[in-house]
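Scroll down for the structure; my scribbles are underneath it.
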Amino acid sequence: MSELKIIVNKIISSGKGILAADESTGTMTKRLESVGVESNPDNRLNFRNTLFTSSAMRTCIGGVILYDETIRQANNSKKIPEIISQNGTVPGIKVDTGAKTLANSSEEKITEGLDGLRERLKDYYKLGARFTKWRGVYSISDKHPSKLSISSNAHALARYAALVQEAGMVPIIEPEVLMDGNHSADVCYKKTSEVLKKCFDELILFKVDLTGTILKPNMILPGTNSDQKISSTEIAELTLKCLKES
């Protein structure tokens, strides 16, 4: 078994989940200030370290996605990735730099962060990260997601994944078709299927080892402004069907 597949199995073993602790400083500041706590590096670390040292880490969490600030911090002289690893959990890191307006399609987004990524990945590996996260976002409307958006984000996800595996880490591949809109579940199914198929075409083109990746897709459901109502069972069945067919 490859080292990448071993990491994947460790993250998802026994039905464990992934803890997203990669909130930006801005987001963390809003959370802390809402309860009257000053947002500074120590307080942000104290909040997150409470999660990392909880008893549920060993039984419920297989991986933790960290923010750049946090992966470089230490608590009582122990580095944060070390504290996470001691619980049998895998430290990870968000590596994209956010979704920006897609050129020539101003209502859509392209995720950036490829420039300098190879060097950043080497640094994160030395700091203890063993998996990474990159999120591409797609909007739904009568004309979206466009072929430009589908192609551009799939290409970026594949380039990212190839670089991550080159650095000895597992890439989480997250093509997320957003819930915003009044579309039906059938439309979401169709659009998500197009997105996933293009992503896998690009991953294969870039010779990414699919057994050493984790796919984080969106669920298949009606838009937030849709009148359609479907059960959680239907959502699960549609999502699994879409994944199998893609």
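State the percentage of accessible surface on the chain attributable to carbon and sulfur atoms; use a 1.4 Å probe and exclude ligands, DNA and RNA.
51
Restricting to DSSP H runs of at least four residues, report the calculated mean residue ellipticity at 222 nm for the chain, -39500 (n - 2.57) per run over all residues, nearest 500 deg cm²/dmol.
-14000 deg cm²/dmol
Suppose R0 equals 41 Å. What FRET efficiency, 1/(1 + (r/R0)^6) with r the Cβ-Cβ distance, do residue 234 and residue 25 give to the nearest 0.05?
On the way: r = 39 Å, r/R0 = 0.95.
The formula returns an efficiency of 0.55 here.
So what does residue 176 come to for accessible area, using a 1.4 Å probe and Å² rounded to 10?
Here the accessible area works out near 50 Å².
Which semi-axes, in whole Å and largest first, does the equivalent ellipsoid of segment 1-141 have when worked out from the alpha carbon gyration tensor as the square roots of 5 times its eigenvalues?
26, 21, 15
Of 147/198; 216/241; 133/216; 147/207; 100/241, which sit over 19 Å apart, Cα to Cα?
Among 147/198; 216/241; 133/216; 147/207; 100/241, the Cα-Cα distance tops 19 Å for 147/207; 100/241.
Could you give the nm distance between label points at residue 182 and residue 206, where each point is 7 Å from its Cα heading toward the beta carbon?
3.7
So how strong a dipole does the chain carry about its Cα centre when Lys and Arg Cβ are +1 and Asp and Glu Cβ are -1, to the nearest 20 debye?
Charge dipole, the chain, about its Cα centre: 640 debye, nearest 20.
At a Förster radius of 25 Å, what calculated FRET efficiency corresponds to the Cβ-Cβ distance of residue 51 and residue 216, to the nearest 0.05?
0.80
With a point put 7 Å past each Cα toward its Cβ, work out how far residue 246 is from residue 77 in nm, to one decimal.
4.8
I'd like to check one number: the per residue accessible area of segment 21-128, probe 1.4 Å, reported in Å² as a whole number.
About 53 Å² of surface per residue is accessible.
What is the sum of charges around residue 39, taking Lys and Arg as +1, Asp and Glu as -1, for the other residues whose C-beta is under 14 Å from the C-beta of residue 39?
On the way: positive: 30, 31, 44, 48; negative: 23, 33, 38, 42, 69.
Charge balance in the 14 Å sphere: -1.
Loop-only trypsin sites (Lys or Arg not before Pro) in segment 157-220, please: DSSP not H, G, I, E or B, and at most 13 other Cβ atoms within 10 Å. List each step's numbers first, then the result.
On the way: sites: 159, 190, 191, 197, 198, 207; in loops: 207.
Passing sites in segment 157-220 are 207.
Once you have the Kirkwood Rh of the chain from its Cα pairs, apply Stokes-Einstein at 10 °C and 1.306 mPa s and quote D in µm²/s.
Stokes-Einstein gives a translational diffusion coefficient of 83 µm²/s.
Separation of segment 208-242 and segment 1-71 by C-alpha centroid, Å?
Between the Cα centres of segment 208-242 and segment 1-71 lies a distance of 24 Å.
Taking 0.36 nm per intervening residue step and subtracting the Cα-Cα distance, what contour gain separates residue 33 from residue 147 on full extension?
36.9 nm
How many Å² of accessible area per residue for segment 163-246, probe 1.4 Å?
In whole numbers, segment 163-246 has 53 Å² accessible per residue.
The values are calculated or read from the model by the stated rules, or taken from the named source; none is laboratory data. Note that the structure is predicted; figures quoted are calculated from it, not measured. Heads up, the Cβs are rebuilt from the backbone with ideal geometry, glycines too, and the neighbour counts pull from every protein chain shown. Ligands, DNA and RNA are stripped out before the accessible areas are found, and what is left, the full protein with its side chains, is counted by its heavy atoms. Shrake-Rupley method; radii C 1.70, N 1.55, O 1.52, S 1.80 Å.
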